Amino acid sequence: MSRYQFLGVNDDRNFCECCGKQDLKRVVWIEDTEEGTIKHFGTTCATNPGKAFGHKLNASIRSASASYDRNIYSSKCWAYWEVKALRIDAAASEAMASMLTTIYYNMTYMGGQVKDQARMAYETWMRDVYYPRKAELAKC
Ligand SMILES: [Zn+2]
């Protein structure tokens, strides 16, 4: 296993931890398995041949970045249908769908701890929100 693991691309942060560049649309998450740290970078820094990650990760980074919009879109659709089934009011369901989009995206398209945390958040949501609401709806 190489020292640096590419975990994925998402918009959980908007700046690069390498050069400090701000207002990024999305960031690249890389785990340093030796130090046990996870950092986020802009695509330019993450794929810079001069940086420590080398070019081994570049193909995966570019491909994850290129499919980002499509993957976010499919996560949004999934969240929409999941929330729609709960029949809650519009404002609350919009907020919930947006939260679930992030969870679903991270659970599906990210790796390492980010994926594990998202999976746990999803299980918590299912247990605390989804199943109780479904049970409530079944009674009517
Ligand atoms: Zn940078």
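Summary table
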read-out: Computed lengthening from residue 108 to residue 89, 0.36 nm per intervening residue step minus Cα-Cα distance; value: 4.1 nm
read-out: Simple label model, 7 Å out from Cα along Cβ direction - residue 25 to residue 59, nm; value: 2.5 nm
read-out: Relative contact order computed over the range 4-66 (Cα-Cα under 8 Å; 6+ residues apart), in percent; value: 31 percent
read-out: When the convex hull of its Cα atoms is projected in every direction, mean area for the range 4-66 (nm²); value: 3.8 nm²
read-out: Whole-Å semi-axes of the ellipsoid equivalent to the chain (Cα gyration tensor, √5λ, descending); value: 34, 15, 12
read-out: Cut-off under 5 Å, modelled amide H: who pairs with residue 10 long-range; value: 27, 29
read-out: Value at 222 nm in deg cm²/dmol, rounded to 500, when DSSP H runs of n ≥ 4 in the chain each add -39,500 (n - 2.57); value: -16000 deg cm²/dmol
read-out: Contour minus Cα-Cα distance for residue 115 and residue 78 (0.36 nm per residue); value: 11.6 nm
read-out: Of the DSSP H helices in the chain, those whose Cα atoms cover at least 30 Å axially and whose Kyte score averages 0.0 or more; value: none
read-out: Gaussian network model of the chain, Cα within-10 Å springs - most flexible of 94, 34, 123; value: 34
read-out: Choice from 127, 119, 13 showing the highest fluctuation, given a GNM over the chain with Cα pairs closer than 10 Å; value: 127
read-out: Mean separation of Cα contacts under 8 Å (6+ apart) over length of the range 68-139, as relative contact order %; value: 29 percent
read-out: Assigned charges on the beta-carbon of Lys, Arg, Asp, Glu; the range 4-66 dipole about Cα centre (debye); value: 300 debye
read-out: Farthest toward positive dipole pole in the chain [+1 Lys/Arg, -1 Asp/Glu at C-beta], among 107, 64, 131; value: 64
read-out: Percent RCO, i.e. relative contact order, over the chain, from Cα pairs under 8 Å lying at least 6 residues apart; value: 18 percent
read-out: Only Lys, Arg (+1) and Asp, Glu (-1) charged, at Cβ; the chain dipole about Cα centre in debye; value: 360 debye
read-out: Highest-fluctuation residue, 42, 50, 111 considered, GNM on the chain with Cα pairs under 10 Å; value: 50
read-out: The range 11-45 versus the range 46-92: alpha-carbon centroid distance in Å; value: 15 Å
read-out: Order of 86, 7 under a 10 Å beta carbon neighbour criterion, fewest first; value: 86, 7
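Where a number appears in this text, it was derived from the coordinates with a stated rule and is not lab data. Since this is a predicted model, take the numbers as computed values, not measurements. We place every Cβ from the backbone using ideal geometry, glycine too, and count neighbours over all the protein chains shown.
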